[in-house]
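Everything below concerns the one structure shown next.
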Amino acid sequence: MSTADNAPIWARPEPAGRRPRFTREQIAAAALHIADTEGFEAVTMKRIAAELGAGTMTLYYYVRNKADIVALMQDAILADQLVPDAELHAGWRQATIAIARRTRAVLMAHPWSPAALTAATFGPNAMRHMEQNLAALAGTRLTAREKMELIADVDAYVLGASLQAIETLSRAELIESDPESATTAVEFGRGLLRTGDFPQLNALNDQLSETDSARPPMTADALTDQFDRGLQALLDGLATQLKID
C-alpha cells in the first residue's frame, strides 16, 4: 500500500474532467442530509450515490471509502461552526462565548454528530475553527499552554452540555410520543425509591415535587439558558484562575 493510499482526503486533489462531476461539498451535503433525516447508520456509499443521482462506482471516483465521507461530513459541520471575523474582536470573553454558542447550535442541529464523528480525520475547517479560538484569545497575556488549556476546557464543556441537551430532548420526545412507556419507567423508579436505598434521591424528589419550576429543563429554550449560565460560570472561574483581564 502506497503512502498516498493512507493519506487523508485533503492531501489529494479533487478529480476533474469527468461527468457527472460532483464536488466534495456536494458529497458532504448529501451525506449530512441522509444522516439528519435517516440517521448516521444510513450513510453508505450506495445511499449517497443514490442521493446524488449517480452510480455507486461513480462515487468511488471521488472518495475511497466511508472514512473519506466521514472526514468530509465533519469538515462541513466545522465550516458551519465558524463565526464572523468581526465577533473575534469583541474581547476574549465575548469572542469565546460566540464560538461556544455557535458550536453548540451546530451540534444540536446534527444530534448524531458528537458520537459519530469522533474518529474523523481533521481537515481545513478544523484548523480554521482552532484559528478562531486562538484569535479570540490573541489580546490576552496568556501563555501558549494556558490558551490551549482554556480552549480545551471550553470545548469539553460545549461537547458535554450538547450531548446532555441532545439526550434530554430525545427523552422528552419519547415521553411525548410514548407516554405509557414513560409512565411505566417513572413507576419503576418510584418503586426503587420506596426501598429506602436511595435517601439522597428521595430527598431530591421530595424537593422537586414541591414546585415544577425546580425540575430540570426539558425544552430547547430552557436548555439553552442553562448552557449560557454554565458557560458564564466556567469563564468566570477560568478568568480568575488564569488572571485574565
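The values are calculated or read from the model by the stated rules, or taken from the named source; none is laboratory data. Model, not experiment: these values are computed from the prediction. All Cβ positions, even for glycine, are placed from backbone atoms using ideal geometry, and neighbour counts span all protein chains on display.
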Report yes if some residue within the range 174-188 is among the charged types (D, E, K, R), without any contact (Cβ under 8 Å) to a residue 60 or more places away in the chain and more than 26 Å from Ala116 (Cβ to Cβ); otherwise report no.
yes
How many residues are outside any helix (DSSP H, G or I) and surrounded by 14 or more Cβ atoms within 10 Å (Cβ to Cβ) if we restrict to the range 37-60?
3
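Counting just the residues of the range 13-24 that are among the charged types (D, E, K, R) and surrounded by 13 or more Cβ atoms within 10 Å (Cβ to Cβ), which one comes out nearest to Asn125 (Cα to Cα)? Break it down stepwise before answering.
Step one: of the range 13-24, the residues among the charged types (D, E, K, R) are 14, 18-19, 21, 24.
Still in the list and also surrounded by 13 or more Cβ atoms within 10 Å (Cβ to Cβ): 21, 24.
Working: Arg21: 23, Arg24: 13 Å.
Among those residues, the one meeting the criterion is Arg24.
Among the listed residues Met127, Met108, which satisfies the condition of being in a helix (DSSP H, G or I), loosely packed, with under 14 Cβ neighbours inside 10 Å and either of a type in the set (D, E, K, R) or out of contact with any Phe, Trp or Tyr (no Cβ under 9 Å at 6 or more places or on another chain) (or both)?
Details: Met108 fails: loosely packed, with under 14 Cβ neighbours inside 10 Å.
The conditions single out Met127.
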Test Asp155 against the criterion of being within 17 Å of Leu107 (Cβ to Cβ) and in the same structural domain as Met108 (by TED's automatic domain parsing), and give yes or no.
yes
Among the residues of the range 61-105, what is the count of those that are within 22 Å of Lys46 (Cα to Cα) and outside any helix (DSSP H, G or I)?
5
Restricting the first residue to the range 220-240 and requiring it to be in the same structural domain as Glu146 (by TED's automatic domain parsing) and of a type outside the set (D, E, K, R), which pairs with a second residue that is surrounded by 12 or more Cβ atoms within 10 Å (Cβ to Cβ) and part of a helix (DSSP H, G or I) meet a Cβ separation below 6 Å and a spacing of at least six or different chains?
Leu223/Ala165; Phe227/Ala161; Leu231/Ala100; Leu234/Tyr157; Leu235/Arg93; Leu238/Leu150
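Which residues, taken from the range 73-105, are among the β-branched types (Val, Ile, Thr) and in contact (Cβ under 8 Å) with a residue 60 or more places away in the chain? First the steps, then the outcome.
Of all residues in the range 73-105, those among the β-branched types (Val, Ile, Thr) come to 77, 83, 96-97, 99, 103.
Answer for the range 73-105, where residues must be among the β-branched types (Val, Ile, Thr) and in contact (Cβ under 8 Å) with a residue 60 or more places away in the chain: Thr96, Ile97.
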Based on this model, can you work out whether Gln241 counts as within 24 Å of the chain's Cα centre (by Cα), of a type in the set (S, T, N, Q) and closer than 30 Å to Leu78 by Cβ?
no
